[in-house]
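A.B. asks: Below you'll find the structure I mean.
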Amino acid sequence: MSEGHEVDVRSFVLVIPDEWYKMSQREESIKARSEMLFSVEHVKLIIEHPVYLQQLAHFLHEVKPDSNPLWIDRINAIKALRAIGSANGPAGELGAFTTLDRLLSSIIPVPQTTNTSLVSGGNEALEALAREELPAYVNHVWTGFVHMTIKHRITNTLPSLLQDLSDGPPVFCLTDPSRYDNPIVFASEGFHRVTQYGRGFALGRNCRFLQGANTDRRSVQRLKDMLDQGKEHSETLLNYRRDGSVFMNLVTVVPLFDSNGSLCYFLGIQVDVSKLLLTSAGLGSLRDLVAAHQVRLSRGSDITNEEPHTSEKALGSLAGNFTVDLNKSTKQHASVKGKGKPQPKDMDSTNLIPAPAPATPTVTVTVPVPVLPEAPTPTPTAGLRRMELPCGVLEHYLLVEPSPSLRIVFTSPSLNVPGMVQVPFLSRICGPSDRGLLEAKFRQGQGAKVKVRWLTSERAPQGCIPGSAVSGTVRPAGPIHRTWVHTTPLLGIKGEVGAWMIILVDDDDDDKNEHLTTVSAPPIAPFDPNKTRCRKEWWAG
């Protein structure tokens with residue numbers, strides 16, 4: 001260093017403070033928004049907003065019809081409380097009534113209307129909605145989004161908007177319930193990369209090591225209860241990486257059964273949905289809640305403090321209570337409670353006062369799934385269109401033995417058809433070039449993404465013989481479908497391939513536009529938790 005030459009002290013800084021600040025801010029944002037996501041405040045905002053309430057009601061009517069009477073009673077209790085609060089607003093502004101007597105004047109204060117039973121019931125209703133219905137709705141919206149993102153990612157048609165909202169492809173793990181504590185036996189490299197836990201730590205342990213202080217115990221319990229019943233289930237959880245950082249994890253666990261209906265394994269599918277949380281994708285109510293929280297923080301007030309009602313706002317809120325037609329199930333429920341008596345035509349069966357005049361149309365909303373990036377605007381319709389329910393994060397998938405057999409062992413429900421299980425995977429691929437490419441990748445233990453001609457039945461068309469290199473003129477008609485195949489190796493403790501996770505996606509450019517399955521899946525015996533579980537370690541060979 002030359003004498004008299006001053007060196008900028010910033011040249012000695014190896015870590016950029018801004019980057020650390022951004023990382024810490026992101027961590028705090030994920031934690032804060034995860035608490036808001038399933039909070040009572042979120043439920044209150046949804047109930048206050050006609051469009052958001054309509055979306056939630058539509059979802060519950062289509063997806064959870066058994067819960068309709070329960071949540072309708074909860075909504076009605078909350079709306080009754082709102083009506084009382086709205087009436088107290090303008091009444092409080094009256095101040096007091098003054099009466100004149102011969103000798104003195106007295107002031108009679110206006111009492112506030114209260115109902116302790118409704119207050120208790122309303123609070124319980126809010127807690128119940130935040131505990132059960134709201135998580136199911138959020139899982140439904142984000143599952144549809146992730147399903148669409150995975151499909152476009154595999155087919156190389158993922159728009160830039162979805163790329164910005166996606167944290168990467170799904171990762172997988174396979175657990176064995178026949179062993180103590182249902183440990184992980186195989187996992188993809190992506191699982192270790194996302195969680196930062198290597199094979200030496202993760203394999204042989206239960207997945208609960210991903211939980212932490214802020215993980216919602218109710219979501220964990222719901223997941224456990226569904227698995228005990230042998231049912232597929234999804235939950236959105238706040239999980240922790242090895243370095244202590246958090247991420248929002250959309251977890252789907254699928255039970256895998258053998259031909260006798262005995263439980264063999266659980267397939268875990270995990271997707272990092274932290275960007276969906278940070279951008280409130282598909283959840284306009286969460287976006288509004290975050291905005292309100294930021295405004296209150298800027299004013300120095302607590303998020304739980306509500307703004308006082310003026311008479312104008314109170315009356316407007318009261319009117320909004322009785323102009324939202326939840327759905328047909330509400331009226332059906334009211335009819336059942338009224339012992340089958342028909343409701344008056346000028347009376348909304350969900351409320352306690354007459355509905356608006358017929359000249360004022362009721363606002364209803366058609367809710368697409370998933371809704372991105374924000375809630376749709378209200379559109380007057382005659383009724384709600386039936387909701388298109390997502391089939392889960394993945395629709396078509398296979399679990400296949402390692403090379404050289406590559407035998408299909410388990411399938412998704414959509415592919416559970418006669419002749420699909422216990423046959424070589426490559427026997428379903430038409431064309432020697434496609435089979436040769438996939439076979440080479442399987443031998444090398446490398447994942448691949450290839451568009452192939454998929455045979456949807458055991459019987460191959462003329463000139464397309466499964467498992468052979470014979471090629472001829474393939475008839476245009478037949479059980480062939482252009483399909484994208486995405487393969488991921490699930491590795492064991494020594495890095496060996498224990499199984500292959502294969503995702504199949506229909507090619508939208510295929511003019512035939514056929515489905516992957518051509519026959520209905522056969523029925524299987526119902527799950528019996530006391531039944532002997534499959535202990536055959538087919539990966540050992």
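None of the figures in this text is laboratory data; all of them are computed from the coordinates on show. No experiment lies behind these values; they were computed from the predicted model shown. Positions of Cβ are backbone-derived with ideal geometry, glycine not excepted, and every protein chain shown enters the neighbour counts.
A.B. asks: Of the trypsin sites (Lys or Arg not before Pro) in the stretch 191-288, which ones lie in a loop per DSSP and count no more than 12 other C-beta atoms within 10 Å? Don't jump to the answer; show the numbers that get you there.
C.D. replies: Values: sites: Arg193, Arg199, Arg205, Arg208, Arg217, Arg218, Arg222, Lys224, Lys231, Arg241, Arg242, Lys275, Arg287; in loops: Arg205, Lys231, Arg241, Arg242.
Passing both the DSSP loop test and the Cβ count: Lys231.
A.B. asks: Oh, and also: State, to one decimal in nm, how far the label point of Ile84 lies from the label point of Asp66, with both points 7 Å from Cα in the Cβ direction.
C.D. replies: Each label point lies 7 Å from its Cα, and together they span 3.3 nm.
A.B. asks: Also, I was wondering about something else. Cα-Cα over 24 Å: which of Lys275/Lys441; Lys441/Lys494; Lys224/Lys494; Lys31/Lys231; Lys44/Lys64; Lys151/Lys441? Display every interim value, and only then the final one.
C.D. replies: Numbers: Lys275/Lys441 32 Å; Lys441/Lys494 19 Å; Lys224/Lys494 29 Å; Lys31/Lys231 29 Å; Lys44/Lys64 20 Å; Lys151/Lys441 21 Å.
Long pairs (Cα-Cα over 24 Å): Lys275/Lys441; Lys224/Lys494; Lys31/Lys231.
A.B. asks: Here's another thing I want to ask about it. Using 15 Å as the cut-off for backbone N distance, which residues of the stretch 272-303 belong to the label zone defined by a point 7 Å from the Cα of Asp164 along Cα→Cβ?
C.D. replies: 275-282
A.B. asks: Counting Lys +1, Arg +1, Asp -1, Glu -1, what net charge surrounds Ser166 among other residues with beta carbon under 11 Å of its beta carbon?
C.D. replies: In short, -1.
A.B. asks: Report the full-extension gain for the segment Arg131 to Ser298: residue separation times 0.36 nm, less the Cα-Cα distance, to one decimal in nm. Don't skip to the end; give the middle numbers.
C.D. replies: Values: separation 167, 0.36 × 167 = 60.12 nm, distance 2.92 nm.
Between Arg131 and Ser298, full extension yields 57.2 nm more.
A.B. asks: Same structure, new question: What distance in nm separates the two pseudo spin-label positions at Ala448 and Tyr180, each 7 Å out from Cα along the beta-carbon direction?
C.D. replies: Calculated label separation equals 4.2 nm.
A.B. asks: Moving on. Skipping prolines and chain starts, which residues have an amide H placed within reach, meaning under 5 Å, of the one on His396, given they are 5 or more residues away or on another chain?
C.D. replies: Amide H to amide H, under 5 Å and 5 or more residues apart or across chains, His396 pairs with Leu504.
A.B. asks: Also, I was wondering about something else. What is the stretch 207-249's relative contact order, in percent, from Cα pairs under 8 angstrom and six or more apart in sequence? Numbers along the way, then the final one.
C.D. replies: Working: 41 pairs, mean separation 16.2, N = 43.
Relative contact order, the stretch 207-249: 38 percent.
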